[in-house]
Amino acid sequence: LHHLARAHILSQRYTWPHVRVHWLMLKAGRRAHDAREIFGQATRIVAAALFSRIWVPVGNIGLASVSATKPMPIPEDLRRLL
């Protein structure tokens, strides 16, 4: 999930890549039999489809273990790409 979390930071402002990252996180949650991740990603897929162009919590890693609305620091190497 580490790489997906980083992909999430990069994709947040682009609706379909953002939705795709959440879909991949949902699939990872299913493989791990992690109900919290599955439910969290299902709701985040809908939110990403609706709100990516309007507002995103900058730097948020997108995992169900963190609040969907919490801004987070962007890692230095990714900051240069953004």
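Please identify the helices of the chain, taking whole runs of DSSP H, that span at least 20 Å along their own axis as judged from the Cα atoms and have a mean Kyte-Doolittle score of 0.5 or higher.
35-51
I'd like the FRET efficiency for L82 and K27, computed as 1/(1 + (r/R0)^6) with the beta carbon distance as r and R0 of 25 Å, rounded to 0.05.
The computed FRET efficiency comes out at 0.45.
Determine the dipole magnitude for the chain: charges of +1 sit on the beta-carbon of Lys and Arg, -1 on that of Asp and Glu, nothing else is charged, the reference point is the Cα centre, and the result goes in debye to the nearest 20.
Magnitude of the dipole: close to 140 debye.
Hey, can you find the accessible area per residue of the chain for me, probe 1.4 Å, expressed in square angstrom?
64
Counting Lys +1, Arg +1, Asp -1, Glu -1, what net charge surrounds A64 among other residues with beta carbon under 10 Å of its beta carbon? Don't skip to the end; give the middle numbers.
On the way: positive: R36, R44; negative: D34, E37.
Around A64, the surrounding residues sum to 0.
If we count every other residue with Cβ under 15 angstrom of L78's Cβ, Lys/Arg +1 and Asp/Glu -1, where does the sum land?
With Lys, Arg at +1 and Asp, Glu at -1, the neighbours total +2.
Do the sum for the chain: with -39,500 (n - 2.57) for every DSSP H run of n ≥ 4, divided by all residues, what is the mean residue ellipticity at 222 nm, to the nearest 500 deg cm²/dmol?
-19000 deg cm²/dmol
Under 12 Å from the Cβ of A48, count the other residues' Cβ atoms, weight Lys and Arg +1, Asp and Glu -1, and hand me the total. Don't skip to the answer; put the middle values down first.
Values: positive: R13, R20, R44, R53; negative: none.
Net charge around A48: +4.
Determine the share of the chain's accessible area contributed by carbon and sulfur atoms, expressed in whole percent, with a 1.4 angstrom probe.
65
On a 1.4 Å probe surface of the protein chains, which of T15, T69, T43 comes out largest in accessible area, and what is the full order?
Of T15, T69, T43, the descending order of accessible area is T69, T43, T15.
Give the span of the chain's Cα atoms along each principal axis, as three whole-Å numbers ordered largest to smallest.
35, 25, 20
The values are calculated or read from the model by the stated rules, or taken from the named source; none is laboratory data. Only a predicted model underlies this, so the values are computations on that prediction, with no experimental measurement involved. Every residue, glycine as well, gets a Cβ built from its backbone with ideal geometry; the counts of neighbours run over all protein chains shown. Heads up: the accessible areas ignore ligands, DNA and RNA and are worked out on the full protein's heavy atoms, side chains in. Shrake-Rupley method; radii C 1.70, N 1.55, O 1.52, S 1.80 Å.
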